[in-house]
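The values are calculated or read from the model by the stated rules, or taken from the named source; none is laboratory data. Keep in mind that what you see is a predicted model, and the values were worked out from it rather than measured. Cβ atoms come from the backbone with ideal geometry, glycine included; neighbour counts cover every protein chain shown.
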Amino acid sequence: MSGHSTTTSNPQPGTTVAVQDRYGPASNTEAIIDVRGLVKHYGALTAVDGVTLKVMTNEIFGILGPNGAGKTTTLEMVEGLREPDAGSITIAGIDVVADPAAVKRVIGVQLQSIALFDHLSARELIQLFASLSGGDSSRGRADELISLVSLDEKADSYADQLSGGQRQRLSIALALVNDPAVIFLDEPTTGLDPQARRNLWDLIRHLRDSGKTVVLTTHYMEEADVLCDRVAVMDHGQIIACDTPLALIQSLDVVASINARVNYPLNIDGLPGALDASAIDDQITVSTRDVPLTLSALLARASEHGIQLQNLSTSQATLEDVFLTLTGRSLRE
Amino acid sequence: MNAFWQMVAANLKMTVRNRVALFWNLAFPLIFILLFGFLFSGDEVEIKVGIVGADQSPTTSQVVEAMKATDGFSVETGEEQAELDRLKDGDRSVVVVFRPADSNGQIPTDVFWDSSSPQTGQVALSAVQSFLAQAGEPDPSSRPIAVSVHSVVSTDLDYIDFLVPGILAMTIMNSGILGLASAFVSYREKGILRRIKATPFPLSSFIGARIVSQLVIAVVQAVILVAVGMAVVGLKINGNLIYALVMVIIGSLAFLAIGFVVASFARNQEAADSLANAIAFPMLFLAGVFFPTDAAPAVLQPIIKLMPLRYLADGLRNVMVLNKSLPAQWLNISVLVFTAVVGFLLAMKLFRWESNAV
């Protein structure tokens, strides 16, 4: 995980940042996507309620939230697939609301439902979509993309003969046919087994490392944590936090807890760095912002009194806890 | 190759690879043609004879009774003009007209036969002649019956000639209404339309490519059905095949337009299939595919007049087998063009990218 600058709002309204070099070295100082005050109503429901965010060039940006939080609607407005009721969106200097057709040439899109024609092979689908997207529709280029997403053995298979993970990878290959600067992936790993999910994470990291900017939605806390450079936490149509996963976790009061069993009552009050300490029967729990400091003090105190700590473990706070703290609800509910 | 033609090529590839589509587009109509072709155009063992002036003398009565008693002969009596009309319509193989006896007591007899279906006609003629010859002396001049033979060219439509243009019209209707609506609704349900929307390829081009592919398929269908009809079940093409192709294309556009409207109304594929069938099924049975529209009950006639399939079947039949000119089909063509225009306008107004109307 790299420590990016954590600015989430731009103090200068109205500026759009043009991308100088789509394939330039990683630089997190330029915003390639600038979204301000995005609103979308469906009847009485406000699906997206004033979303403002910036995505930097060459980062993996995650939108994390429970189902129904408005992630997909936000993404589809940014992609130019839905018209916002209010707000502005700029991608690589293109006004998405005013010119949705132009933006489609610089972005690649994977939709939540993997939409593939039956009776066309993986290679044919890539060539067809390359042609529809104004990209290089040659067989050679299609085979390159097939290799990139590790579908070499399935190049001639029809889409309905592919597994879920293979379909996802094909769908990502389809998002790359026009060599886009920004790739949007809507819930790319939903329904995949852990191995397929890890393969896909590797592919997404590879895309970032090859110079692309990736924006994805997810409701998997772990995915946002390990994959995304920055995460916007979304709930009820609003962005309630936006930062690197590490910074989000560190913003919590409680970062970790230390758990152990004791064979004799131990005074655990007043440990350095400890925020809270409790003992229920022989089970002690100490929460802290600084695990090494508190843990070493706990160990010293136990050995000083000749008390053994059994089943000693520490648990780190996660984005799950961030969401819980921000909303009072669990992400999985 | 640009994006439009890539899309057309992809559509055609998908159709050829889709066994279900292939069945409905090709096998299903071919089964109809072969089945009905063999059922109805089998060897005509029955020789249908029309007799005029049968009971003017004992001799003629004897001849007629002898014919009636013979297997393979079906004998009807009637007025001369009516019987000749029936011969022209193909309802008689031979018409025998006994004239009043001349001064020698000989009965001049005109035998008319249908030379446009040579085999049946020849068989019938020689059978009738042998009957007439039996009724008298070896010497022709002293026979009581003096025969003169006349050939008549009927505009006889065999059932297969009636059927094949109808089946072709049915096929065009099916791939237009059923095929297109079903495919388009499934595209919408599966999110393929939205995936297309996420590319710079315009919707109008996507639909245009679909229409072009369907027209190509319709023309190929027409060629195959007509070729099989001619080769296997004796379809007679008297008309202009170019005119027929024009009718095929205009008809396809009309039914594709209806298909697009169905696709716009239907929320899911089941609904699309039901609605498409509800529209297509009555037309299949009433609009002149399998039997002429005037055979349907009178109460249904006003409804039949509203059925686009009737105009396509009629137009195809007229230009393919009845050798009528294209301008003479102005009514059929106008109705189909009107259907196409209204349908496409309505479909554009009702078009939805997504199945869930949020």
Restricting segment A:163-194 to residues that are in contact (Cβ under 8 Å) with a residue 40 or more places away in the chain and under 20 Å from A:E222 (Cα atoms), the residue that is surrounded by the fewest Cβ atoms within 10 Å (Cβ to Cβ)
A:T190
Can you find a residue that is within 20 Å of B:F4 (Cα to Cα), touching a strand residue (DSSP E or B) at 6+ places or on another chain (Cβ under 8 Å) and of a type outside the set (D, E, K, R) anywhere in segment A:140-158?
no
Any idea which of (1) touching a residue at least 60 places away in the same chain (Cβ under 8 Å); (2) out of contact with any Gly (no Cβ under 8 Å at 6 or more places or on another chain); (3) not aromatic (F, W, Y) is the one B:A231 doesn't satisfy?
(1)
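When you look at B:P292, is it without any contact (Cβ under 8 Å) to a residue 60 or more places away in the chain and out of contact with any Cys (no Cβ under 6 Å at 6 or more places or on another chain), yes or no? Reasoning before the result, please.
Details: without any contact (Cβ under 8 Å) to a residue 60 or more places away in the chain: no; out of contact with any Cys (no Cβ under 6 Å at 6 or more places or on another chain): yes.
No, not satisfied.
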So, in segment A:117-136, how many residues would count as being farther than 18 Å from B:S205 by Cα and of a type outside the set (K, R)?
8
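Quick one: in segment B:184-193, which of the residues that are facing another protein chain (nearest Cβ under 7 Å) and surrounded by 20 or more Cβ atoms within 10 Å (Cβ to Cβ) is farthest from B:Q6 (Cα to Cα)? Let's see the steps before the verdict.
From segment B:184-193, those facing another protein chain (nearest Cβ under 7 Å) are B:190-192; that's our starting set.
Remaining after also requiring surrounded by 20 or more Cβ atoms within 10 Å (Cβ to Cβ): B:191-192.
Numbers: B:G191: 20, B:I192: 16 Å.
Looking at the filtered set, the residue picked out is B:G191.
Confirm whether B:K236 is away from every other protein chain (no Cβ under 13 Å), of a type outside the set (A, V, I, L, M) and surrounded by fewer than 21 Cβ atoms within 10 Å (Cβ to Cβ).
Numbers: away from every other protein chain (no Cβ under 13 Å): yes; of a type outside the set (A, V, I, L, M): yes; surrounded by fewer than 21 Cβ atoms within 10 Å (Cβ to Cβ): yes.
Yes: the conditions hold for B:K236.
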Among (1) assigned to a helix (DSSP H, G or I); (2) polar (S, T, N, Q); (3) buried (at least 21 other Cβ atoms within 10 Å of the Cβ), B:T199 falls short only on (1)
Would you point out which residue out of B:V64, B:V52, B:V8, B:V16 is β-branched (V, I, T) and at pLDDT below 85?
B:V64
For the condition touching a residue at least 12 places away in the same chain (Cβ under 8 Å) and more than 22 Å from the chain's Cα centre (by Cα), what is the one hit in B:A254, B:A287, B:A266?
B:A266
Grab the helices (runs of 4 or more DSSP H) fully contained in segment B:1-82, keeping just those with 3 or more residues being within 14 Å of another protein chain (Cβ to nearest Cβ), more than 25 Å from the chain's Cα centre (by Cα) and free of Cβ contacts under 8 Å to residues at least 60 places away in the same chain.
B:3-17
If I filter segment B:160-171 for residues that are buried (at least 21 other Cβ atoms within 10 Å of the Cβ), in the same structural domain as B:I31 (by TED's automatic domain parsing), of a type in the set (G, A, S) and part of a helix (DSSP H, G or I), do I get at least one hit?
yes
Of everything in segment A:119-129, what is closer than 26 Å to A:L75 by Cα and within 9 Å of chain B (Cβ to nearest Cβ)? Give them in sequence order.
A:L125, A:Q127, A:L128, A:F129
Quick check on my filter: what residues within segment A:258-311 are surrounded by fewer than 13 Cβ atoms within 10 Å (Cβ to Cβ), hydroxyl-bearing (S, T, Y) and either in a strand (DSSP E or B) or touching a residue at least 60 places away in the same chain (Cβ under 8 Å) (or both)?
A:S278
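Residue-wise test of (1) in contact with a Lys or Arg (Cβ under 7 Å, 6 or more places away or on another chain); (2) in a helix (DSSP H, G or I); (3) farther than 28 Å from A:I33 by Cα.
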{"residue": "A:A69", "(1), (2), (3)": "no, no, no"}
{"residue": "A:E76", "(1), (2), (3)": "yes, yes, no"}
{"residue": "A:L81", "(1), (2), (3)": "yes, no, no"}
{"residue": "A:V109", "(1), (2), (3)": "no, no, no"}
{"residue": "A:H119", "(1), (2), (3)": "yes, no, yes"}
{"residue": "A:I126", "(1), (2), (3)": "no, yes, no"}
{"residue": "A:A130", "(1), (2), (3)": "yes, yes, no"}
{"residue": "A:D136", "(1), (2), (3)": "no, no, no"}
{"residue": "A:Q166", "(1), (2), (3)": "yes, yes, yes"}
Condition check: hydrophobic (A, V, I, L, M, F, W, C), surrounded by fewer than 24 Cβ atoms within 10 Å (Cβ to Cβ), within 19 Å of A:A31 (Cα to Cα) and over 9 Å from the mean Cα position of the chain (by Cα). Does A:L252 satisfy that?
no
Do we find a residue being surrounded by fewer than 17 Cβ atoms within 10 Å (Cβ to Cβ) and either in contact (Cβ under 8 Å) with a residue 60 or more places away in the chain or farther than 28 Å from A:P100 by Cβ (or both) anywhere in segment B:207-214?
yes
